[in-house]
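Here is the structure we will look at, set down as structure tokens.
Each reported figure results from applying straightforward, stated rules to the coordinates on display, with no laboratory input. From a predicted model like this one, the values you see are computed outputs, not experimental measurements. FYI the Cβ positions are ideal-geometry reconstructions off the backbone, even for glycines, and counts take in every protein chain you see.
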Amino acid sequence: MEVKITNENYESYKNGSLPLVIDFWATWCGPCRMVAPIIEELANEYDGKVTVGKCDVEEADDIAAEFGIRNIPTIVFMKDGKILDKIVGAASKSKIEEKIKALI
């Protein structure tokens, strides 16, 4: 299950025991809407192995600024509080899943 990443809860997810995947998106972004069902599917498939979160760049601009997000969708892959990889732009399920598998 995917979680909503906010300015208030980000640190707890970042420092959590599971690897973290963050999908940076916005409601007005067409490519973000294309990626959303893939992210939801992968969140369900990898539940308990990774935390998959969605971060609205307009609601959590502090987090977006911390990561230097300039284009959306951007998917960030983190482990132990460190960024290991990222994808900028819409991507296929297989490409995103490959990055998730590298985390676990």
- Along the range 68-76, what does the Karplus equation 6.51 cos²θ - 1.76 cosθ + 1.60 (θ = phi - 60°) give for ³J(HN,Hα), rounded to whole Hz, x for Gly and Pro? x, 6, 10, 10, 10, x, 10, 10, 10
- Only helical DSSP H runs with n ≥ 4 go in: add -39500 (n - 2.57) per run for the chain, normalise by residue count and round the 222 nm mean residue ellipticity to 500 deg cm²/dmol. -11000 deg cm²/dmol
- Message: So, R0 is 35 Å and r is the distance between the beta-carbons of E41 and D61; what FRET efficiency does that work out to, to 0.05?
- Response: 0.80
- Pull up all non-local amide H partners of A91: gap of 5 or more, or a different chain, and H-to-H distance under 5 Å with H placed in the peptide plane. none
- Any idea which of I63, I22, V88 is furthest toward the positive side of the dipole for the chain, if Lys and Arg beta-carbons carry +1 and Asp and Glu beta-carbons -1? V88
- Rounded to the nearest Å, the spacing of the alpha-carbon centers of the range 44-76 and the range 8-40 is 3 Å
- Message: List the Cys residues of the chain that have no partner Cys with a C-beta closer than 4.7 Å.
- Response: C55
- Query: Tell me, Kirkwood radius of the chain from alpha-carbon pair distances, in Å?
  - Reply: 13.3 Å
- Task: Quick one: what are the phi-derived ³J(HN,Hα) couplings along the range 49-62, Karplus 6.51/-1.76/1.60 with θ = phi - 60°, whole Hz, x for glycine and proline?
- Result: 9, 9, 9, 10, x, 10, 10, 6, 5, 7, 8, 10, 5, 5
- Task: Determine which aspartates and glutamates satisfy two conditions relative to K79: a Cα distance under 19 Å, and not lying fewer than 8 residues away in the same chain.
- Result: E2, E11, D23, E45, D47, E66, E97, E98
- Query: Pulled fully out, how much extra length does the chain show between D85 and W28, if you take 0.36 nm times their separation in residues and subtract their Cα-Cα distance?
  - Reply: 18.0 nm
- About the Cα centre, charge dipole magnitude for the chain (Lys/Arg +1, Asp/Glu -1 at Cβ), debye: 420 debye
